[in-house]
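See below for the structure under consideration.
Each value in this text was obtained by applying a stated rule to the coordinates, not by laboratory testing. Remember, predicted model here, so these are calculated numbers, not experimental data. Here Cβ is always computed from backbone atoms with ideal geometry, including for glycine, and neighbour counts include all displayed protein chains.
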Amino acid sequence: MSPALRSLGGVSLGALILAIGATSVWVEQCTPSGLVAPPTRPYQGYGNPEVRVGARPYPRRATGADDVTLEIARPVRRIVSQDIGSDEYAYSVAPPERVVGVSESAYERRISNVYEYAERYRPVVALNPERVLLAAPDLVFTPESARSDVPGLLRAAGIPVYRMFTMFETLASIEEHIRLVGYLTGEDGRGETEARRFRETIRRAAARRPAGAVPPRVMGFGGTYSYGTKTLFTDILRVLGAENIAATHGFVGYDRVTDEHIVRWDPDWIVAGADRGKIEQVRARILAHPAMAATSAARHGRIVVLEHQLFLPLSPFTARFVEALAEAFYGGGAS
């Protein structure tokens with residue numbers, strides 16, 4: 001260590017470290033608890049997931065994930081979405097020409113399930129209040145996980161804003177939110193049709209499991225993370241009659257998975273995501289990883305890699321992910 005690092009302005013490095021440590025303790029003890037951010041896992045859910053709506057006649061009322069109730073005076077004609085999830089809800093329920101604003105992700109071919117709609121109808125990218133106002137919306141969907149200043153400014157301008165819960169933990173909650181979007185957009189019939197289609201797709205996927213089949217032991221892999229309890233991945237595996245081994249071993253939410261976890265759990269199946277056209281590259285990286293290569297999943301060729309537009313959605317498009325997993329686990333399923 002250089003003399004300059006050992007002594008700063010006559011103060012020894014050790015003394016400086018002790019001073020910083022003492023200050024940190026003082027701040028921790030004296031700062032009001034409400035101002036100290038608690039430690040959280042990545043991708044922790046935000047807001048209230050409960051669907052709370054009023055009667056069907058207008059004006060319609062709904063309470064969002066932020067516990068703020070909005071009122072919609074008449075059927076909406078211009079819809080803006082600021083999140084990839086609500087993009088997919090909007091296009092699944094409303095006529096596509098009515099979606100006049102979307103998130104940046106809607107235009108990203110590598111992950112978007114609504115890319116073709118975005119390219120055809122060219123909605124604005126609703127990044128900020130100015131762009132939203134240019135779209136002249138009757139209704140804005142924004143995630144509860146986003147900053148609160150933009151919804152606040154839009155509400156001050158008189159625009160109905162629904163802050164949507166987007167970190168879904170169950171397939172049933174997705175189905176409820178499909179009907180919610182139908183209610184908010186005035187497309188009740190289309191919302192009910194989409195909700196029933198979603199439920200039927202899930203039912204058919206679950207029916208692929210042969211009677212008496214041993215539950216597949218599955219590990220989801222998202223880079224350095226796996227998926228425990230309180231995640232949609234766990235509920236999907238439950239519906240398909242499979243076991244989420246990360247949840248079984250105490251993971252909650254999205255948590256970091258280590259080589260030790262992988263070797264000790266020894267999953268029968270590994271499920272991961274990849275960008276468009278990168279499935280084989282991701283599969284090769286998994287198989288080249290020593291801990292992954294030692295698993296039963298690798299030895300028996302049970303590495304399921306799906307492109308991100310299948311693997312990532314927390315929306316009506318999740319039904320396609322459920323179908324893909326059922327096909328991988330059970331093939332044609334029960335006759």
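Quick notes on this structure:
- Failed item in (1) assigned to a helix (DSSP H, G or I); (2) closer than 19 Å to R77 by Cβ; (3) touching a Lys or Arg at 6+ places or on another chain (Cβ under 9 Å), with R131 passing the rest: (3)
- Strands (runs of 3 or more DSSP E) wholly inside region 51-113 containing at least 1 residues that are in contact (Cβ under 8 Å) with a residue 40 or more places away in the chain: 60-63, 69-72, 79-81
- Selected residue (criterion: farthest from D235 (Cα to Cα)) from residues of region 134-170 that are acidic (D, E) and in a loop (DSSP other than H, G, I, E, B): D138
- Here A291 qualifies as aliphatic (A, V, I, L, M) and surrounded by 14 or more Cβ atoms within 10 Å (Cβ to Cβ).
- Filtering region 250-272 to residues that are without any contact (Cβ under 8 Å) to a residue 60 or more places away in the chain, within 22 Å of the chain's Cα centre (by Cα) and surrounded by fewer than 18 Cβ atoms within 10 Å (Cβ to Cβ) leaves G250, R256.
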